[in-house]
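To keep things clear, I will list the structure first and then write my remarks on it.
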Amino acid sequence: MKESEIQAQIRDYLRWTGWFVVKIHQSLGSYRGIADLYALRDGQHVWIEVKRPDGRQSEYQKRFQRDIEKHGGTYILARSVADVEHLAGEKQLQLDRR
């Protein structure tokens, strides 16, 4: 499965559960390593980097994750909707459908 397909599944799932989700488009001048998706619900913010099962984070993506977590933000590295469900549970994020 392509990374873009996994990303779409995660985006659609989060929207279905009431999250506002934005796909971050990389462009010249954008922050290197920024996550693929940004989601918001009830004041909870989460950055989501999507990878294929065999994909790895770049050094820039690892730095972005450290920066987000250092400032108290939530970052998820996800390879599937199941990863989002599992990690959201660990991070106490709302996934119940409204």
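Nothing in this text is a laboratory measurement; each read-out follows from the coordinates by a stated rule. Because the structure is a prediction, the values reported are computed rather than measured. Methodologically, a virtual Cβ is constructed for each residue, glycine included, from the backbone with ideal geometry; neighbour enumeration extends over all protein chains shown.
Yes or no, residue by residue, for (1) of a type in the set (A, V, I, L, M); (2) in contact with a Leu (Cβ under 7 Å, 6 or more places away or on another chain); (3) touching a residue at least 60 places away in the same chain (Cβ under 8 Å):
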| site | (1), (2), (3) |
| --- | --- |
| GLU5 | no, no, no |
| ARG11 | no, yes, no |
| ARG15 | no, no, no |
| SER27 | no, no, no |
| LEU77 | yes, no, no |
| GLY89 | no, no, no |
| ARG97 | no, no, yes |
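Scanning the range 51-73 for residues that are in contact (Cβ under 8 Å) with a residue 12 or more places away in the chain, under 17 Å from TYR31 (Cβ atoms) and either assigned to a loop (DSSP other than H, G, I, E, B) or among the aliphatic types (A, V, I, L, M) (or both) yields GLN57, SER58, ILE68, GLY73. With respect to GLY33, is the statement that it is surrounded by 17 or more Cβ atoms within 10 Å (Cβ to Cβ), assigned to a loop (DSSP other than H, G, I, E, B), without any contact (Cβ under 8 Å) to a residue 60 or more places away in the chain and under 13 Å from the mean Cα position of the chain (by Cα) true? Taking the combined requirement at face value, the residue satisfies it. Anything in the range 25-48 that is aliphatic (A, V, I, L, M) and within 13 Å of TYR75 (Cβ to Cβ)? List them, or say none. Selection gives ILE34, ALA35, LEU37, ALA39, VAL46, ILE48.
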